[in-house]
Amino acid sequence: MTAQPVQPPRKPRRRQAYLPDFQVMNPADIDQLNMTQARRLAQCLADGGVVWFMSDCAYALAADPRNARGVAALDRLLDHSGSPIPVTVGNEATAAKVMKYDSLVRALAGRFWPGGLGIWTPVHNRLGKILVKRLRGEGGVMTRMSRSVIERQLSDALGLPITSAALRQNGVLVFDTDLALELALVLHDERTQGLETFFIRDLRRRPDLANHSTMVKVEKSKLVVVRTGWIDPDDVKKVALSNDGVNWGDAT
């Protein structure tokens, strides 16, 4: 009897058909949405859906931080339960809705936004307290303003901060569009079927930043670096110390 040749293992087939509640959107321009697209996505977020988008350093997941359903979906999709969730804003007026916007925060935002600096401050109003509860912020919220035009448009269309939790594979940030779409489809299929979901395809195929954001904590005129990244902490220190009465804390 003639031996049959050994067949090589078959490669897994890509999912060709999108799920009915998972929609892929191409930006109207290479790096921005038109008004109709922005409004549609804002409605999705307000209704408790989620939006995958390219931030300035990786693909990330947006939800309306006021909406328990959207935040719960983010936790399931990214295994983020228990960890504080940062937010991103489209402009400083939106940031002031939840942050304690004193002279130091204003100086830091004016120098490093849009860009790779996240600023944690205590909250000071009812909306801020809701976000702290939803996002597990331990008395405050980590906020930044991205270089990504689409990310800022999502916040502006909603009129509020949006979540910006990064997609990772084996701990590594994902910025390849094809890989991000494949992962998003699998995660949606396994964990959030029935939830309205949009994936904004990135046409640039490259992130603006090559590292994590630097994150600082500002409270009672004291600034502490809690994570180093794209922004040099020495540059942050120069801006901070130019404000009278500011104390520079040790990194934690």
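Ordering A73, S164, A107 by Cα displacement along the dipole of region 22-248 toward the positive end leaves A107 in first place; charges were set at the Cβ atoms of Lys, Arg (+1) and Asp, Glu (-1).
Dipole check for the chain: with +1 at the C-beta of Lys and Arg, -1 at the C-beta of Asp and Glu, and the Cα centre as origin, the magnitude is about 320 Debye. Return the tail of the calculated pair distribution for region 65-174, meaning the percent of Cα-Cα pairs more than 25 Å apart. The answer is 16 percent, as a whole percent.
Gyration tensor analysis over the Cα atoms of the chain returns equivalent ellipsoid semi-axes of 36, 20, 17 Å (largest first, whole Å).
Multiplying the residue separation of N170 and R111 by 0.36 nm and removing their Cα-Cα distance gives an extension gain of 17.9 nm.
For a straight C-alpha distance cut-off of 27 angstrom, the lysines reachable from K220 (same-chain residues fewer than eight places away being disregarded) are K97, K100, K129, K133, K237, K238.
For S242 and D29, a Förster radius of 51 Å and the Cβ-Cβ distance give a FRET efficiency of 0.85, rounded to the nearest 0.05.
Full extension of the segment from D232 to E138, taken as 0.36 nm per residue of separation minus the current Cα-Cα distance, would add 31.3 nm.
Only the coordinates and a few stated rules stand behind these numbers; no lab work does. Quick caveat: nothing in here was measured; it's all calculated off a predicted structure. Note that each Cβ is placed from the backbone with ideal geometry, even for glycine, and that neighbours are counted across all protein chains shown.
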